[in-house]
Amino acid sequence: MKTYQPFTPSRRQTIGINYRERLTASEPLKSLTRGGKRAVGRSSAGRISVRHKGGGHKRLYRLVDFKYDKVGVPARVETIEYDPNRTGFIGLALYQDGERRYLLLPKALKVGDEVITAQTAPLSPGNRLPLKKIPVGAFVYNIEIAPQGGARLVRSAGSFAQVLSNDAGYTTVRLPSSELRRINENAWASIGAVSNEEQKLVSIGKAGRSRWLGIRPTVRGTAMNPVDHPYGGGEGRQGRGTRRPKTLWGKVTGGRKTRRAKKYSNVFIVSRRKKK
């Protein structure tokens, strides 16, 4: 991690990542980037649908391969790069047939290492196999929910899932949330854990850096007027004044289940995540 000389009060508590020790390229491959406008919490009508989002620095989108459809073709990692659109590091992989693609990198993978997607791939970080071919206890990331559906689960920095068992055509996996979930054994997953595990230790340090990231201020409900929030009003500091915690629109939070009762994946969940 990287600390700074405390020239200002905010600088004193800022903690960052020393990217110079990790990254090997400063500019992305132009052919694998796209421009575009981010939604920043707005719906198709332009109205705010998610609060506290907006502004921030312009981002160039990197086309990261989550399909992994080049089966049996080995690739060599050419660079390790920063991606502003995700927390883990990405790497430019040169396949043996000459094509280049961006991949989400695992820990311990270096420039020059080889990765491959194959039924009989070695059990080394970055290699990709069907879940039924991965031994019990192994750590995996970039997990498919359905075969050939592309990586959907476990893609954020430092995260990994663990293979627990294989039975009756399904593999039981412990996800980072502690949820136990059954996944089709023919779905693919990558060996290892996502890179940049120190990302959770970053301290933004000041409000301005949050604005650069596209995060707008959050105002406490108790600081508002009664017309603006159920917690608003009162002389001086007041309690919330309601039996249950509520959102700005009066919707109960804090313990009420929000998952749909008939969600398709309920039958695949062996054990719910532990409440913190």
Unique residue being without any contact (Cβ under 8 Å) to a residue 12 or more places away in the chain and of a type in the set (G, A, S) when the list is G233, G214:
G233
From (1) closer than 23 Å to R273 by Cβ; (2) in contact (Cβ under 8 Å) with a residue 60 or more places away in the chain; (3) in contact with a Leu (Cβ under 7 Å, 6 or more places away or on another chain), pick out the condition that doesn't hold for E185.
(2)
Residue in segment 227-276 that is farthest from I145 (Cα to Cα), counting only those that are exposed (fewer than 11 other Cβ atoms within 10 Å of the Cβ) and aromatic (F, W, Y):
W249
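Picking from V73, V40, V64, which residue would you name as being over 21 Å from the mean Cα position of the chain (by Cα) and surrounded by 13 or more Cβ atoms within 10 Å (Cβ to Cβ)?
Testing whether each residue is over 21 Å from the mean Cα position of the chain (by Cα) and surrounded by 13 or more Cβ atoms within 10 Å (Cβ to Cβ) leaves just V73.
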Among the listed residues S156, S190, identify the single one that is surrounded by fewer than 18 Cβ atoms within 10 Å (Cβ to Cβ), within 18 Å of the chain's Cα centre (by Cα) and modelled with pLDDT of 95 or more.
S156
Please name all residue pairs, on different chains or six or more residues apart, with Cβ atoms under 7 Å, provided the first residue is in segment 142-156 and is over 11 Å from K67 (Cβ atoms) and the second residue is among the aromatic types (F, W, Y) and surrounded by 14 or more Cβ atoms within 10 Å (Cβ to Cβ).
V154/Y141; V154/F160; R155/Y141
Scanning segment 193-211 for residues that are in contact (Cβ under 8 Å) with a residue 60 or more places away in the chain and hydroxyl-bearing (S, T, Y), which turns out surrounded by the fewest Cβ atoms within 10 Å (Cβ to Cβ)?
S203
Residues that are under 30 Å from Y82 (Cα atoms), touching a Ser or Thr at 6+ places or on another chain (Cβ under 9 Å) and not polar (S, T, N, Q), drawn from segment 203-243
I204, G205, K206, A207, G208, R209, R216, P217
Among the numbered conditions (1) polar (S, T, N, Q); (2) closer than 26 Å to T172 by Cα; (3) surrounded by fewer than 16 Cβ atoms within 10 Å (Cβ to Cβ), tell me where N85 comes up short.
(2)
Given the options A138, A161, name the one that is buried (at least 20 other Cβ atoms within 10 Å of the Cβ) and touching a Leu at 6+ places or on another chain (Cβ under 8 Å).
A161
Name every residue in segment 65-99 that is touching a helix residue (DSSP H, G or I) at 6+ places or on another chain (Cβ under 7 Å) and farther than 22 Å from A161 by Cβ, in order of residue number.
I80, Y82
The one condition T33 fails out of (1) loosely packed, with under 12 Cβ neighbours inside 10 Å; (2) at pLDDT 95 or above; (3) of a type in the set (S, T, N, Q) is (1)
Tell me which residues, restricted to segment 211-238, are within 30 Å of K58 (Cβ to Cβ), part of a loop (DSSP other than H, G, I, E, B) and aliphatic (A, V, I, L, M).
L213, V219
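The values are calculated or read from the model by the stated rules, or taken from the named source; none is laboratory data. Just so it is clear, the model here is predicted, and its values are computed rather than measured. For neighbour counting, all protein chains shown are included, and Cβ atoms are generated from backbone atoms with ideal geometry for every residue, glycine included.
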